[in-house]
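The values are calculated or read from the model by the stated rules, or taken from the named source; none is laboratory data. All values reported here derive from a predicted model rather than from experimental measurement. Counting neighbours? That spans all protein chains shown, and the Cβs are built from the backbone with ideal geometry, glycine included.
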Amino acid sequence: MPSEWELIGRLALTLVLSAAIGLEREMRQKSAGLRTYTLVGIGSALFSIAGAYGFTEELRAGLPRDPSRVAAQVVSGIGFIGGGLIFVRGDAVRGLTTAAGVWVTAAVGLAAAAGLGWIAIVTTAAYMVVAFAFPSIARLLPQPRSARRIVQVTYLDGRGVLREAIARATRVGFVVADITTRRLSEEEVAVRLELAGAGPLEQVAAGIGELDGVLSVSPEAEDSE
């Protein structure tokens with residue numbers, strides 16, 4: 001059995017890796033962010049360690065101990081969490097990428113707790129490649145007219161930015177399918193414009209960025225996250 005310090009080291013590795021995954025979600029302002037992902041990773045790791053090295057009294061009594069059963073139950077439990085992150089709005093499904101990220105984070109925690117540190121590190125690196133590189137690749141692919149794309153805009157309130165942003169999007173062939181606003185402070189507002197169509201998204205984003213009062217603009221591909 002590994003020493004307690006080695007097990008603590010495995011938990012610490014899980015903390016770093018799951019927090020790295022959660023930080024990516026936090027940067028994208030998703031419903032599950034840094035804290036959720038970190039807790040999922042640490043919880044999965046702790047369940048794995050407890051199942052593999054705990055219950056020593058039962059083991060001395062000759063009772064069987066199967067660590068794989070604990071891992072299987074962790075996977076089942078993560079399924080409930082992931083299912084709660086997926087929701088349908090209109091004809092679009094949201095939360096799939098977030099739910100998949102929670103699932104991967106649980107797997108990273110299980111691997112790190114089982115002593116497969118390098119496997120957990122490589123898996124986390126692979127997640128980062130998928131999260132940061134794949135959206136750019138997807139934007140290079142032909143987009144159908146039914147594709148949903150997102151423009152995230154942060155602006156100063158009271159300057160007519162939202163009205164003009166919608167106008168610029170519709171002028172180039174987009175239809176505004178949904179609008180979500182969130183007040184960041186007394187003056188700053190963040191808006192998420194969900195656009196349907198195959199127009200030039202980068203052109204729309206550049207035009208919105210030129211408006212007086214706009215602080216930041218971030219175009220994204222179809223959002224099923």
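Taking the condition of being modelled with pLDDT under 80 and either in a strand (DSSP E or B) or in the same structural domain as Ala20 (by TED's automatic domain parsing) (or both), how many residues in segment 147-182 meet it?
Number of matching residues: 2.
Within the bounds of segment 3-14, is there any residue that is in a loop (DSSP other than H, G, I, E, B) and at pLDDT below 75?
No, every residue in segment 3-14 fails to be in a loop (DSSP other than H, G, I, E, B) and at pLDDT below 75.
Which members of segment 167-196 meet the condition of being touching a Lys or Arg at 6+ places or on another chain (Cβ under 6 Å) and of a type in the set (Val, Ile, Thr)?
Those that are touching a Lys or Arg at 6+ places or on another chain (Cβ under 6 Å) and of a type in the set (Val, Ile, Thr): Thr180, Val189.
Would you say Val191 is assigned to a strand (DSSP E or B), assigned by TED's automatic domain parsing to the domain that holds Leu162 and without any contact (Cβ under 8 Å) to a residue 60 or more places away in the chain?
Judged against the criteria, Val191 is a match.
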